[in-house]
Amino acid sequence: MTTLPRRILPWIVSWLLLAATAAAQDSAPATSPAPQEETPGPSPASQESASAPRPAQPPPSANADQYSLSRLSGLFTIDLPKTERRGNIRFTFQPHFRDLLDKSYLRIPLEFRWGVNDHFELNSELDTYATHGLRKTACGYGLSALHLGSKYAWHIWLKPTWDTSVGFNSTIPVSRPPIELTDGHRHFTPYIVFGRKLDGVKGLSGFIHTSVDFVAKSPTPGNFGRNEPHSDSLTVTPGLLYERKAWHYTLEVDCTTTRLIGNGSHDFLTIRPGVIWDLPMAFLFRGHGRWLVGFNVTTVFGPDGNTISTGGRFRGEVNLTRWFQRSPQDKAPAGAPASGS
């Protein structure tokens, strides 16, 4: 596997600068209040009330639901208008087990998502592959693409009717993977997404996602897939998400065109219904993390002909926050009485 080309370094530097800026703003000290005039000491009753333990505050509603769904590559491809909770570091891996049947390698995308603060997150993903040994041919192992992105959620604009987020996703081909693993182009995709709960049906949400994909040739060889735009394109995706406890039912309708900003006059319509299930812990021998399986049907109408295909995914999620933060017991102030004393 060759080293990463120098041309991706500006992308990484820009992504890290975003993280540093957001972290600096989040950690800025709050302005201390003006000193107040002395008042008579509190009465014994008020002292007793102040010393009484306060009830624990409930966690913020954003992302508090353990069954909330975020982007799921291959099944649910758009970014919803919500971000990771402040301080959360989520690691996900999504092996493509279908590769064991029809390819000589196994793809395993690895993704990290970090909630920098209550309305800003950063994400990165590595597309990895490795020979699985079940076929005679071997392609080795390595990386095929690097993905970087960020998302900002507005907490005031269009509230309380709509949730709104803006962000970008970028893709940079790296190394020399099998030619079918990449289209050989760099992608920069800014987007804006609106979403809201729909009245009348509990658990039903609607969203509208609009993105622009800017495409540039890279030195990495690759091939475009069937019914994929070969130049800059605009995509509008209305859709529905119905969540019922551990079940998630999705519908996306991608309307893509190169007429306005790309080369040629090519239109693509993709209809993608799917279902995703959170596996219960009983199926995982009381393991940690979150595990999802999903299935969808994708129908594409485009200049290369109409196609219909099915897809399945298995995904594991692990929250790494507790690895980097101390437990509440560790944060107890010095001299505090131990529990049970």
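The values are calculated or read from the model by the stated rules, or taken from the named source; none is laboratory data. This one's a predicted model, so the numbers in the text were calculated from it and none came from an experiment. Neighbour counts run over all protein chains shown; Cβ positions are idealised from the backbone, glycine included.
Of all residues in the range 139-166, how many are on the phi > 0 side of the Ramachandran plot and surrounded by 18 or more Cβ atoms within 10 Å (Cβ to Cβ)?
Final tally of qualifying residues: 1.
For the range 235-251: of the residues being assigned to a strand (DSSP E or B) and aliphatic (A, V, I, L, M), which is farthest from Ser265 (Cα to Cα)?
Leu241
Take the conditions in contact with a helix residue (DSSP H, G or I) (Cβ under 7 Å, 6 or more places away or on another chain), within 20 Å of Leu292 (Cα to Cα) and among the aliphatic types (A, V, I, L, M) and apply them to Ile108. Does it pass?
No; evaluated as a whole, the condition is false for this residue.
Against the definition (within 27 Å of the chain's Cα centre (by Cα), at pLDDT 95 or above and exposed (fewer than 15 other Cβ atoms within 10 Å of the Cβ)), how does Thr299 come out, yes or no?
So Thr299 fits the description; yes.
Quick one: how many residues across the range 90-110 are part of a strand (DSSP E or B), in contact (Cβ under 8 Å) with a residue 24 or more places away in the chain and surrounded by fewer than 21 Cβ atoms within 10 Å (Cβ to Cβ)?
5
Here is a list of conditions, (1) modelled with pLDDT of 90 or more; (2) out of contact with any Leu (no Cβ under 8 Å at 6 or more places or on another chain), and Asp65 meets all of them except one; can you say which number that is?
Among (1) modelled with pLDDT of 90 or more; (2) out of contact with any Leu (no Cβ under 8 Å at 6 or more places or on another chain), Asp65 violates only (1).
Please specify each residue of the range 314-325 satisfying the condition of being surrounded by 13 or more Cβ atoms within 10 Å (Cβ to Cβ) and either in contact with a His (Cβ under 8 Å, 6 or more places away or on another chain) or polar (S, T, N, Q) (or both).
Matches in the range 314-325: Val318, Asn319, Thr321.
Can you name every residue in the range 272-292 that is modelled with pLDDT under 85 and assigned to a loop (DSSP other than H, G, I, E, B)?
Result: Phe285, Arg286, Gly287, His288, Gly289.
Can you name every residue in the range 96-155 that is over 23 Å from Glu317 (Cβ atoms) and aliphatic (A, V, I, L, M)?
Leu101, Leu134, Ala138
Please verify whether Asn123 is surrounded by 15 or more Cβ atoms within 10 Å (Cβ to Cβ) and out of contact with any strand residue (DSSP E or B) (no Cβ under 9 Å at 6 or more places or on another chain), treating the condition exactly as stated.
no
Could you list, in sequence order, the residues of the range 158-172 that are within 30 Å of Ala138 (Cβ to Cβ) and either in contact with a His (Cβ under 7 Å, 6 or more places away or on another chain) or among the acidic types (Asp, Glu) (or both)? Show your work before the answer.
Let us first name the residues in the range 158-172 that are within 30 Å of Ala138 (Cβ to Cβ), namely 171-172.
Correct list: Thr171 only.
Considering only residues that are on the phi > 0 side of the Ramachandran plot and either at pLDDT 90 or above or in a strand (DSSP E or B) (or both), which ones fall in the range 112-138?
none
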